[in-house]
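Remarks on the structure that follows.
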Ligand code: 13P
């Protein structure tokens, strides 16, 4: 590689900033030329290749049969809403108690391969004084970290939003790796009722691609999550159409940013009708549409597709996942649920120490059900009424 690049480097000097600004894109050398210039160490960026083997291994570990991701990375504000729903104050101690309960559920690693944490939890200890990260590793669960800084209004759009967090991401990602994180999450959203505008889709895709490249450079497997919100009255065909557009752009920019597809994971929304659509879809319909989308848009080099639950009920999310796993797929098709894994667990706990075991048991019930769904063996029998309740919230923020 180095010698193959030696000749063009001599005749292709690195462009200075002003040339980039002039936007002479057709005359620019490729990114790898810039990064590998032997006489300009300051221009050298650590390539994904220095972590390539590890990234592939991490992604494969997370995408292992019968396992999926526990998303427990609610921001402090969102975690506060969850705690308020069971009458608890949003204090660090309460967040710590709840997350201790989650990470230390006995045997959780049988069904859960990765856990996405909020920054506070990555640096936090359990109530018994063990590092949360160490408890996860003992459970054979890979620790991950939410790295985006949330959504803000996108000027010039149709009341849509964009996701912040690229500034300083490289140094944050390096620190998170040091702390034990091995994968990252960046959630941006696309709203169907608000458009989506071409601007919002492009911005979402570009942000995801920049984040993915930066994460890989720091040894973190990026989860690429353009959430197409459930909000709206549209039918399933409209969701399908928007999802095709979104994923086409996401992969276009991932490729432009030299992201290694074998070292990423995806976190899509399932293709469903809008939450306020009068026509509901069966798990078979959701599976058919969603798999059709994946076949059209997702290269088989991507190891795992870990769906979000997005406001579906716990049972609905599991049934839909199960329907997608009735025949072999080119990718590991699994879950990365927050609400659809935690809802009954949180309510069972209710903030009371004497309920910790019962709450952990309900978490394990959900984790096991989704593990079976990943293997296509979930029957839906014996589910509680609570688990069948939908959790859609209009305009939900995470
Ligand atoms: P839900 O499964 O609750 O949609 O959350 C998943 C998630 O992590 C969103 O980013």
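Any read-out appearing in this document is the output of simple, stated calculations on the displayed coordinates, not a laboratory observation. The model shown is predicted, which means the values in this text are computed figures rather than measured ones. Cβ atoms come from the backbone with ideal geometry, glycine included; neighbour counts cover every protein chain shown.
The long axis of helix 76-85 is offset from the longest Cα principal axis of the chain by roughly 10 degrees. Relative to the dominant Cα principal axis of the chain, helix 169-178 is inclined by about 60°. Stretched out straight at 0.36 nm per residue, the stretch from residue 76 to residue 352 would grow longer than its current Cα-Cα span by 97.3 nm. Note on the chain: with a GNM built from Cα contacts shorter than 10 Å, the maximum mean-square fluctuation among 318, 272, 91 falls on 91.
Computed across segment 39-167, the Kirkwood radius stands at 17.1 Å (inverse of mean 1/r, all Cα pairs). For segment 300-335 versus segment 209-278, the spacing of their alpha-carbon centroids is 14 Å.
Full extension of the chain segment joining residue 178 with residue 123 gains 18.7 nm, where the gain is 0.36 nm per residue of separation less the Cα-Cα distance. A simple spin-label model places pseudo-atoms 7 Å from Cα toward Cβ; at residue 130 and residue 282 they are separated by 4.6 nm. Counting only alpha carbon atoms, the long axis of helix 356-374 and the longest principal axis of the chain meet at about 60°.
An ellipsoid equivalent to segment 272-398, defined through the eigenvalues of its Cα gyration tensor, has semi-axes of 26, 17, 13 Å when rounded to whole angstrom and sorted largest first.
Measuring r between the beta carbons of residue 171 and residue 252 and using R0 = 30 Å, the FRET efficiency lands at 0.60. Entry note, the chain: the mean residue ellipticity at 222 nm calculated from DSSP H runs of n ≥ 4, each adding -39500 (n - 2.57), is -13000 deg cm²/dmol after division by the residues and rounding to the nearest 500.
Remark: 306, 391, 72 ranked as 391, 72, 306, counting other beta-carbon atoms within 10 Å and listing the fewest first. Take the Cα coordinates of segment 51-380, assign each an equal point scatterer, and use the Debye formula without solvent to give log10 I(q)/I(0) at q = 0.09, 0.12 Å⁻¹. Log10 I(q)/I(0), no solvent term: -0.42, -0.79.
For segment 172-315, pairs of C-alpha atoms spaced more than 22 angstrom apart make up 38 percent of the total.
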